[in-house]
Amino acid sequence: MDIRKLQRIIVDALEDVKAQDIKVFNTTKQTALFERVIVATATSNRQTRALGHHVYCEAKENGCEQVTIEGLETGEWVLVDTGDVVVHIMQPTIRAYYNIEELWGAHPVKLKQLEKHDKA
């Protein structure tokens, strides 16, 4: 699947469940393991789990075959791995503590530049 289409599917899924402070980073110059890291904030354990589950389901429904999810038990930090995109959904204190943006944030992707995918 085209990486822009996949990141749009994921960002739309995060926005559907009201994720906050969504950031997308192009990691192709930093690692060959994946092309994007997406970081988002949730306000509660319940929302963190709901966001992770929704991203997982949307990725599966749109053709991602190797989607995995971790962290649903506690809901403080949920990670969804689609192979090409790794999604971190965290509560504010966890996000501030681990500061994922510092590690992967060298090449941010502006959300308004993402192409809207055809949902029809």
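Bear in mind these aren't lab numbers, they're just calculated from the coordinates by the rules spelled out. Quantities reported herein were computed from a predicted structural model and do not represent experimental measurements. Heads up, the Cβs are rebuilt from the backbone with ideal geometry, glycines too, and the neighbour counts pull from every protein chain shown.
Summary table
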quantity	calculated
14 Å beta-carbon shell around VAL55, net charge (K/R +1, D/E -1)	-3
Net charge dipole size for the chain [Lys, Arg +1 and Asp, Glu -1 on Cβ; Debye, nearest 20]	360 debye
Cα Rg, Dmax (largest Cα-Cα span) when computed across the range 3-111, Å	12.5, 34
Choice from ARG95, ARG46, ARG36 with maximal GNM fluctuation in the chain (Cα, 10 Å cutoff)	ARG46
Percent of Cα pairs exceeding the 12 Å cut-off, where the set is the range 9-58	62 percent
